[in-house]
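One structure is given here, and the rest of the page talks about it.
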Amino acid sequence: QVQLVESGGGLVQAGGSLRLSCVASGGIFSINAMGWYRQAPGKQRELVAAIASGGSPNYAYSVKGRFTISRDNAKNTVYLQMNSLKPEDTAVYYCNAEGLVTVTGTYVEVWGQGTLVTVSS
């Protein structure tokens, strides 16, 4: 069974940094795109950053210049380096993978369970 497991969330002061990691497992041959979404209390889930295999990263306007997404295809892992964090970045961050090819078949989309990021002012 395919799983995405996030780590790296926590409490940080405004201006600080955090690095999120997401590892995909479960007999995976390839993943087309991996990304990060977030959902703040009372708000809809929104795209933070995404990167396709061999492609350029795509960022939400609100995080451009502060966040950096990267992936290690050999490890089926995606990272999100978050710098200059603001209180409005507080949310549950979810890892997302699209277009997975695995030993048991193909998956259109898989989500992680989420990791909480809290930025205090």
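Filtered by the rule that a residue be modelled with pLDDT under 95, part of a loop (DSSP other than H, G, I, E, B) and under 20 Å from TYR107 (Cβ atoms), the range 36-56 gives SER53, GLY54, GLY55. With respect to the stated conditions, LEU11 fails to be open to solvent by less than 30 Å² (accessible area, probe 1.4 Å), out of contact with any helix residue (DSSP H, G or I) (no Cβ under 9 Å at 6 or more places or on another chain) and either in contact (Cβ under 8 Å) with a residue 24 or more places away in the chain or in a loop (DSSP other than H, G, I, E, B) (or both). Set side by side, the residues ALA74, ALA33 differ, and just one is farther than 20 Å from GLY9 by Cα, more than 15 Å from the chain's Cα centre (by Cα) and not in a loop (DSSP other than H, G, I, E, B), which is ALA74.
For (1) in contact with a helix residue (DSSP H, G or I) (Cβ under 7 Å, 6 or more places away or on another chain); (2) open to solvent by less than 20 Å² (accessible area, probe 1.4 Å); (3) of a type outside the set (Lys, Arg), each residue gets a yes or a no:
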position	(1), (2), (3)
SER21	no, no, yes
SER30	no, no, yes
SER53	yes, no, yes
ALA60	no, no, yes
GLY65	no, no, yes
ILE69	no, yes, yes
ASP89	no, yes, yes
ALA97	no, yes, yes
VAL101	no, no, yes
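The values are calculated or read from the model by the stated rules, or taken from the named source; none is laboratory data. Just so it is clear, the structure is predicted and the values come from calculations on it, not from any experiment. Because the Cβ atoms are built from the backbone with ideal geometry, glycine has one as well, and the counts that use them run over all protein chains shown. Note: areas computed on protein heavy atoms with side chains; ligands, DNA, RNA excluded. Shrake-Rupley method; radii C 1.70, N 1.55, O 1.52, S 1.80 Å.
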